[in-house]
Each structure stands twice: as structure tokens, then as C-alpha cells.
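Everything below concerns the one structure shown next.
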Amino acid sequence: MEAVLAAGIGGLAAAGVWLILRPRSFQVAIGLTLLGYAVNLFVFAMGRLRVGAPPVLASPEANDPTLYADPLPQALVLTALVISFALTALFLVVLLAARGIAGSDHVDGREPDR
Amino acid sequence: MTDELLVAAAVLPFAGALGAALLPRRARDAAAGLAGLSALVGLGCVLALIPAVASGRSAAVSFSWLPSLGLAVTLRIDGLAWLFSLLVLGIGALVALYARYYMAPGDSASRFFSLLLAFMGAMQGVVLAGDLIQLVVFWELTSLLSFLLVGYWSGKPQAREGARMALTVTAAGGLCLLAGMILIGRIVGSTDLATVLASGDRIRESPLYLPALVLVLAGALTKSAQVPFHFWLPRAMAAPTPVSAYLHSATLVKAGIFLMIRLYPVLAETDAWYILVGTAGVATMLFGAWCAVFQHDLKGLLAYSTISHLGLITLLLGLDSTLSVVAAIFHTVNHATFKASLFMAAGIIDHETGTRDLRRLSGLRRAMPVTATLAMVAAAAMAGVPLLNGFLSKEMFLAEAVAGTHDRALNAGLPLVAAVASALSVLYSLRFIRQTFFGPPALDLPRAPHEPPRWMRFPVEALVVACVAVGLAPGLIIGTALEIAVVAVFGERAPAYSLSLWHGFNLPLALSLAALVVGVGLYRLLGPRIDTNPRGGPWLLDRLDAARLFDRAMVGLERGARWLEDRLGAARLQDQLRILLLVALVLALTALLHGAGIAPATLRLPEAGLDPAFALLWLVGGASAVAAAAAAKYQRLAAIIFAGGAGLVSCITFAWLSAPDLAATQILIEVVTTVLLLLGLRWLPKRDRSIPIPASEKPRARRRRAADLALAVAFGACLAGLSYAVMARPAGEGIARFFVENVYSGGGGRNVVNVLLVDFRAFDTLGEITVLGIVGLTVLALLRRFRPAADSLDRPAPQRRLAAWERAQPDRNPGDSMADAMRVPATVMTWLFPVLVVLALHLFLRGHDLPGGGFAAGIALSIAFVLQYMAHGARWVDERLAIRPVTWIGCGLLVAAGVGAGSWLFGRPFLTTAFAYAEIPGLGKIPLASALLFDLGVVVLVVGATVLMLVALARQSLRRARAEAAGLPQREEA
């Protein structure tokens, strides 16, 4: 499991990095989304992988931490999910506005000098 | 009682500033009244503190600030602080009254007076600081507020320039001061003022003494406009005159003096102090006086004269005798009174005649006899004419100059220097008075001069009366106050001194009289030639313009920065990102290789065996990611779908690996993200595959892509290796144990993740939803001014084709096909609305105990709204549902913050939660936690922000239709 997830994180990150290095802002937007997935999974993985042990107490008495997956990275990732949506929205709107003003969807706001 | 008075004296000006800021812009009377009242009440408080500071006592009150760093907010008052506090508040009250009449009805009175009061508060903060670091904080605050006050008329370029220069010089000095204070704190082991004042020997013997001294003096000398840092003060004369009267005579520039007196017992009486302070003082006193002689601008003359007098005080402090410090304190008070009144008089002249040019003014004593008399008395005090306060302190100075000759060789020239400076000050005072008030009445003034309003003159009168009263009966008027301050500085070492008017015929008196005679003589000799001085600058020194040097240095700095930016900067985003990623990669690899490393021995074999389905899942995930990367250039819709695929895979991974909350939130986020990107695509036209790339560019482009690919693969591989290395190790003991063990007893819930978010770490969540709300508002603001690119104004190609086809069919009306196609989905989406609302409610209510929670519920609810927009269009929804996303954002934030603040009512810290279980018939046991209310705030805000972003973007499609319908060009609204 660990190796597969690690490879998956690597794949997402590589695709994301490739895209954020592209010149068109739409590519960068998609790249940020993919990089966001990779980072969220990475942070989540820091709590180690457990199957079938969601951090929801079966009963109020069953509060032995070893019974459950680490809740802390999950809480961190949960807010990160929402924030990354906000980030995507903001980036998209900035890029739309920039394209309207600059007339170009290049990340620098103008076509490169050849 | 002492504590309350002390706190009131420190806080009142700030409270007044807040109050004045809330007043209407034009409320001059109210704002000035508030300012005067705050100052007067503060003054009352300080006066009532006499018993606490008399005969060397001091009082302090302390509040914990950063206990972990040993920092506290301490207000401490002793005799010295008390005297300066009187100056700050007393002259502050007079300046407030004066400014009421000086400021034009069009100026923003609320801004002016709130800044003035805030400045007064900052000065009080400096004076009453009981901790060195705290003193620096308020010190920098005075610099900042002086920037705002000098630049009050921000429309004038000179005001902006002057404000910027004053800030650059004094704030840079403040940074040096901070470093110096930290060094002193290092030496003493504490930054508490009382402790520091008791450790003078330890500081002077420390090897760090010299650096600390130089740094502290850098702060004090810049603030007090000493050569070579004096140049900001004349430039700051672009300030409104009440500001000059307050900041540049009585307070701001005296802060440096105050600091030197404050730290005199611990830093002074060494050779280094004597050389640094004494030299600066002599140079400043002579230079300032010489320059003042040649000014044609009234305020310029007063500014250079202030520099000269500050130099005199600094010199006194540098002389290293206790008596000279007494003279310094005395002259500080005297200078504040006569110089503030002179600035105010200059302001009145400017106000009533429209000019401050000494060459144009003449004969004003006929038009404004009272003001003329007042100004003459104040100027005489400045010149050191007997029977006025300036005379007394100047006599003390001359006596010190004469007495000091025996101690040190360098002091031999002091009497001469003192006499020259005195003669020059007679010269410029005389020039000021003679040319403004005497001679034939000027005929070409911009305004016909007359006396100012009664109460505008009152502050000048009050100050001049003080000059005369101190001059006539010094012991009676100021003796006690001076005594209190001197004892506070020296304690038992306080010298004996006599404040009487007459010390008999002696050398100082002879010097004083000689200075008067020489000054008058010089004026008769040189007066006319100074007026016609072609270059305007002072003779001999007109090439030595420090302000111009400063400007040139700033320009050079800017050029240097630009040169560096050209060489090292990466203006292009792609290059910046490449550098960032490369550096991150190199750093991570270095740490990995030199640090703990990924030694295979420490790896454990993963417990869970590999599930083929999981491998297959990630095969799909990886393929989606790569496909998204490949398609993003030309097939944008496909890229969105592939990215969504990768998102789904990570969602399933969360569900698989025991994170149901994450899975639920992720899938809902996926929906809104996809909708968002699809909406954005409308304004991002397809990239044309046919744009030819020049053949010459192809190899370069290929190289670049290869390098980027290598970087991406290396980055991915590193992250993969790192994740594996961590995951393959057993987890250390984290803080998870605390959360799991206390989640039920402390948070009243069973879903640890949710309780973490709304209870244990609720403050983080509050911050997070605030960010979300801000992003929503930013999106709205950006779209309000949105101008689509010219090529996406037209309707998209498929719509155009459809419309053309519809026009060609005889039996179809425009829009029919779309309505037909949407009929079934629209019906489904409409009926999904209640289902989704119930789902959201369900997620919200169960969140505390089972997977769900505010974020998921909020997004589910916004999906319900957004679906309606998709099914029927914005207009249809707007007619039926009044959704006010901005209100939702506000309410959500209010609810969340309100729940947090509510715990204060019960005497608990912010965001303390309470919970109970209520037995409701029919529904069973329902958890009732205040955290649930907090979560409600989260839901409301998330709905508001998400709907706001999506709907604001969706509404852009209406632009064109609206513009067509109105037959008008595009309007700028969202």
C-alpha cells in the first residue's frame, strides 16, 4: 500500500510541477490543482496508513489512540481541501481578469519576446 | 489609585484618537474638543501623580505581554518621565486648541486630530515605558505617526517628500536603537528599565558597551536631528504648523533628548560618551545656528534654530557633569515653551498674510500688535534676553562652558563656541522680529493681515506667559518640577544648583552680554546682505547640503537595487518557479543525504499487504494525472475531466485509508471545483494548434521542455521517496493521543477530526473560514471590474452554430433546442434541491459524532444552490430565491466569532466550548455543544463563499445578453 501511494503522490506531484512550469495560465491552474492533491495526500500519509480504523470513537469509552488512524493530519487536510478550492477560484478569476486586461493568457501577462 | 492614574495617562490619548477617528470628517469642534479634553484629563492625572514621583520615588504598573520571552508591558513613572509627560500633554492641549483654528474647514479634522492624539499617546508611551523594548516600540510608533502627520497634506509633493525623509531617517535610527536596547538587555539580563538603571557599572564595564552606546546614540541623535542627521527636520516643515509646533519643538525631537537623559546614569560619564555626544552637540549647535541665520522662510529659520538648540542640549549632556544635565533638562523645558509659541506665531502670520517669506513680510506690528508682542517676547527668550526663561538656561550653559574648561583639554574652546552660538541666535532672532514686525507695512501680501481669532492666539499667550513667569520667578514656577526630574535621574548624586535670576557679575553674564551686543552688531552689518544672498544657502556651507546628499544616496540605492534586480532578478514567473523548485530540491536532497538519511536498516516492512485493487486504483490515478498534464495545453475540457479523475482517486484513497471525513469533503469539493473550472472555460478560448512556432525557436523550446520534464520527474521522485521513507517507519508518539483520549470527555463528540476542527483547534478554523470569506469577497471585487478579453466577448462557437441551425429551421424558435435538451436534467436538478438540503442538514447534525461536519455540509448546500443555477439560469433563480452570499459570509463569521467571544461571558478564554446531551422525545439523545453553533457559522460562511464565487462567475455570461438588451456598450458590473 505504502509504495503504491508513494508512487501515486510522486506521479501527481510530477504532473503538477510540469504544469506549473508551463507558460499558459490555464495549465498552471490545473497544475496547482494536481499539486494540491499530491500535497494533501502527502500530509495525510504523514499520519501513516491504516485500513478500517477511522478516527471516530466506537463508544465513548473506547478512547485508545492505537485503535484509530491519526486524526491530526486528517484535520489539517480537511481545511486544506476547502482552502485549495478557494485558491483555485481566486487564481482562475485573477487569470480571467488578467487576460481581459493584458489580452494574453501567458503567465507573465504578455507574450514572450521572440 | 496610582495605578489607575498612570494607566489613564497612558491610554487616554489613544482612546481619544479612536474616538476622533470615528467622528465625521468635518467635525472640527468636536475633534479638537476631544483632543483638548483627552490631553487635559491626562494632564490632570499626571499632576495628581506628584506624590508618587516626588523625592526620587517612582511608580510602576505591569501587564504580562510575552511572558515566554520575559517581556511585559510596564508603565513606569518617575520624576523625569513625569516632567516630560507634563510637556507632552500640556503643549498637546494647547496645540489642539490652536489647530482647531489653523486647519481649514476643508481639511479632514477627524483624521488630523486622531493622528495628533495617537502621536501624543505614542509619546506618552515612550516617556512612560518601563521596559526598553516597549520604549522602542512606541519610539517607532512616533516615527510612523510623524510620517502621517508631516504628510498630512498628501497632495503636496514637498509634504510627501518631507514625510518620507523624516520616516527613513528616524525609523532607521529606531532600528539601531532596537539593536542597542537588545544589547543592553543582553548585558543586564533584563530589559526592565528599573533593573537596567540600577546596573550602570555593569553596562559600562561590558565589552558590549561601545556597540550598545553607538547604536543607542544612533537612535537618539537621528530623532533629535543632530548633525549629520539633521536634514530631515527642515524638510519636515512642509507639515501643518500645529504639527511643527508640537512635534518639531516640544515632543518628537525631544524624544532623543529624553532617551539620552533617561539612560544617562548607565551610559554616560565615559570618554566615548563625551566624544560622541559632545562632538555631535557642538557641531549641531554651531551648524544649526549658522544655517538659521540664512533662512528666508519663517519656519525654516525656526527649524534650524531648533536644530541649534537641540545641539546645545546635546552638548550639555555630553559635558559629563551633573550640573550640565540639570541645565539640559531646564533648557529642554524652556525651549519647548518658547519654540512652540514661535511656531504657532509663525503659523498665525502665515495664516493671516499668506506668506512666510521674511523678505516679503514687513511692518506687521501695526496690523497685529498683540501677536507681534507675543512673538517678540518669545524670540527674545530664544535669543537669551534677561528676565526670560531662555536667559536662565543659557546662563547655566555658559557657566558650565566656563567651568568645564579645566577638566578636559578639548573643553578649552567651549566658552568661545558657546559665545558664538549665542551671538548667532541673537542674530537670527533679531532678524526674525525685525523683518516681520518692523519697517514699513508690506503692500504686496497675498492677504490683508489682521489679528487672528481670539482663541487661536490663546495658546501663544499661555506659552509666552510661561516664558516670562519662569524668567522672573524660576524657583517658584519650575523649581519643584525640575527638582523632581533631577532627583529622578541622579538620586543621591543630585547636584546643588541655584535657579535664581541674579548670580552677580561673573564671566557667564559677561559672555551673555557680549553675545547680545555682537549679535545686534552683526545684524546691523550683515542684515541686508543676507536678504539679497543670491544662492539662499548659508555662506561657506551652501555646498554642504545633507538633504541633497541623502536624496542622491537614495537615488543611488534605487539604481543599485535595480541593477541587482536586472542581474539577479527573474521577472518571468516560469524562471522564478524553476529556481524555487530547484532550490527546494537541492535543499531537500542535501538534508536527506547529510541528515538521518533513508538507511534501509530502519525501514520496517509494511503491515498491510498490497491490495491489487488499490494498485489498479492508483494506476488510474497516475494515468489521469499524466493525461491532465498532457491535455492542458490544447484540450482544456479533457484536462479538467482528467484532473477530476485524479481527484476522485485521491477521494477513494481517503475513504480506503480510514479518513471518511476527508473523502466526503473531497468529493463535494471535486464537484464545485469542476463547476468552477467549467465556468472559467467560457472565458478562456481554445488554444489554436495552428499557431506556427518559428523553426529557430524549436530547439530552444525542446530543450526547455526537456529540462522542465527532468525537474518535474525529479521532484515527483523525491516526494515519492520521501513519502515512502516516512510511511515505512513506525510513527513516533505524536499529539494524537491527547486528542483521542479527550475527544469525548473534553469535546463531547466522537468524531475526532470534527471535534479537532470546531473545538480543540477552533481558532485555526476561525482563521481558515476568514480566509475563505476574504477570497469570496476578492473574487466578487475582481469580477465587478471584469473586462472579458475581446475574443471571448462573442457567444461560444457551439452556441452560435446551434443558433444558426435554429434560425434555419422554420418550426423552431431560438433557445428551443437548449430548453429541450435541458428539460430532463433540469427537472432532476430541481427535485434534487430538497434532497441536497436534507443531506447537508444530515452531514451537519451528525458531524460531531460521525463523519460529516460543517465544511462538508456547507459545500453540499452550495451544490444544491448551484444546481438550480445550472438547471434554470441565473435569472430564473434570482426571481425565486433571494440569495445574498455576502450577507451569508458576514453572518457566518459573526456566528463563529460570536460563539468564541461568548465564552468570555463565562469568564473563559476565547472559543472555550461547552456541551451537554439533551433528551428530546421522539429524537432521542441529541448532542448540544456550543461547538455545534460554531460549526453552524462554518456552514453558513462556506455556503456564502462558495455560492458567491460560483454565481459571480456564472453571472458573467449574462453580461452580453444584458448589454445587447440595453443596446448599450458593456457596463462595468458583476
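The values are calculated or read from the model by the stated rules, or taken from the named source; none is laboratory data. Treat the numbers as computed from the prediction; the structure is a model and nothing was measured. As a convention, Cβ positions derive from the backbone with ideal geometry for all residues, glycine included, and neighbour counts pool all protein chains shown. For the accessible areas, the whole protein counts, side chains as well, though only heavy atoms, and no ligand, DNA or RNA atoms are used. Shrake-Rupley method; radii C 1.70, N 1.55, O 1.52, S 1.80 Å.
A few remarks follow.
- Of the residues making up the range B:55-80, those that are of a type in the set (S, T, N, Q), touching a residue at least 12 places away in the same chain (Cβ under 8 Å) and not in a strand (DSSP E or B) number 2.
- Among the residues of the range B:758-796, those identified as more than 7 Å from every other protein chain (Cβ to nearest Cβ) and open to solvent by less than 50 Å² (accessible area, probe 1.4 Å) are B:758, B:759, B:762, B:766, B:767, B:769, B:770, B:773, B:776, B:780, B:792, B:796.
- Where a residue in the range B:708-724 is within 14 Å of residue B:582 (Cβ to Cβ) and its partner, wherever it lies, is among the β-branched types (Val, Ile, Thr), with Cβ under 7 Å and at least six apart: B:711/A:17; B:712/A:17; B:715/A:17
- Pairing residues of the range B:951-965 that are surrounded by 19 or more Cβ atoms within 10 Å (Cβ to Cβ) with residues that are modelled with pLDDT under 75, at Cβ distances under 6 Å and at least 6 apart in sequence or on separate chains, gives B:952/B:974.
- Set A:90, A:67, A:76: member being surrounded by fewer than 19 Cβ atoms within 10 Å (Cβ to Cβ) and more than 7 Å from every other protein chain (Cβ to nearest Cβ): A:67
- Residue in the range B:140-159 that is touching a residue at least 60 places away in the same chain (Cβ under 8 Å), out of contact with any helix residue (DSSP H, G or I) (no Cβ under 6 Å at 6 or more places or on another chain), over 20 Å from residue B:95 (Cβ atoms) and not in a helix (DSSP H, G or I) present: yes
- Tally of residues being surrounded by fewer than 24 Cβ atoms within 10 Å (Cβ to Cβ) and assigned to a helix (DSSP H, G or I) across the range B:238-256: 1
- When we screen B:416, B:374, B:392 for residues that are among the hydrophobic types (A, V, I, L, M, F, W, C) and open to solvent by less than 20 Å² (accessible area, probe 1.4 Å), the only hit is B:392.
- Pairs with Cβ under 8 Å, 6+ apart, first in the range B:547-574 and under 30 Å from residue A:27 (Cα atoms), second assigned to a helix (DSSP H, G or I) and open to solvent by less than 100 Å² (accessible area, probe 1.4 Å): B:570/B:576; B:570/B:579
- Summed over the range B:821-862, residues that are aliphatic (A, V, I, L, M), in a helix (DSSP H, G or I) and surrounded by fewer than 22 Cβ atoms within 10 Å (Cβ to Cβ) total 14.
- For the range B:811-860, a residue qualifies if it is of a type in the set (Asp, Glu) and within 14 Å of chain A (Cβ to nearest Cβ), and exactly one does: B:849.
This table checks each residue for (1) farther than 21 Å from residue B:577 by Cβ; (2) open to solvent by 30 Å² or more (accessible area, probe 1.4 Å); (3) within 7 Å of chain B (Cβ to nearest Cβ).
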position: A:36; (1), (2), (3): no, no, no
position: A:57; (1), (2), (3): yes, no, yes
position: A:60; (1), (2), (3): yes, yes, yes
position: A:82; (1), (2), (3): yes, no, yes
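- For beta carbons closer than 6 Å, sequence separation of 6+ or different chains, a first residue in the range B:636-650 that is more than 17 Å from residue A:92 (Cα to Cα) and more than 7 Å from every other protein chain (Cβ to nearest Cβ) and a second that is in a helix (DSSP H, G or I) and among the polar types (S, T, N, Q), the qualifying pairs are B:642/B:624; B:645/B:624.
- Residue in the range B:746-754 that is modelled with pLDDT under 90, more than 8 Å from chain A (Cβ to nearest Cβ), surrounded by fewer than 16 Cβ atoms within 10 Å (Cβ to Cβ) and in a helix (DSSP H, G or I) present: yes
- Flag for residue B:805 being over 30 Å from residue B:884 (Cα atoms), among the aromatic types (Phe, Trp, Tyr) and assigned to a helix (DSSP H, G or I): yes
- Those residues of the range B:216-233 which are surrounded by fewer than 21 Cβ atoms within 10 Å (Cβ to Cβ) and more than 13 Å from residue B:287 (Cβ to Cβ), in sequence order: B:218
- Filter pass, residue B:374 being at pLDDT below 90 and among the hydrophobic types (A, V, I, L, M, F, W, C): no
- Residue list for the range B:262-277, filter: assigned to a helix (DSSP H, G or I), more than 14 Å from residue B:194 (Cα to Cα) and open to solvent by 10 Å² or more (accessible area, probe 1.4 Å): B:271, B:272, B:274, B:275, B:276
- Total residues in the range B:337-369, condition among the β-branched types (Val, Ile, Thr), in a helix (DSSP H, G or I) and over 9 Å from residue B:460 (Cβ atoms): 3
- Subset of the range B:160-198 (residues that are free of Cβ contacts under 8 Å to residues at least 40 places away in the same chain and hydroxyl-bearing (Ser, Thr, Tyr)): B:195
- Screening the range A:41-55 for residues that are assigned to a helix (DSSP H, G or I) and either open to solvent by less than 10 Å² (accessible area, probe 1.4 Å) or facing chain B (nearest Cβ under 7 Å) (or both) and picking the one that is nearest to residue B:850 (Cα to Cα) gives A:44.
- Scanning the range A:6-34 for residues that are buried (at least 22 other Cβ atoms within 10 Å of the Cβ) and more than 7 Å from chain B (Cβ to nearest Cβ) yields a count of 5.
- Residue B:385 vs. criteria within 18 Å of residue B:305 (Cα to Cα) and surrounded by fewer than 23 Cβ atoms within 10 Å (Cβ to Cβ): yes
- Among the residues of the range B:765-778, none qualifies, meaning not one is in contact with a Lys or Arg (Cβ under 9 Å, 6 or more places away or on another chain), more than 21 Å from residue B:680 (Cα to Cα) and of a type in the set (D, E, K, R).
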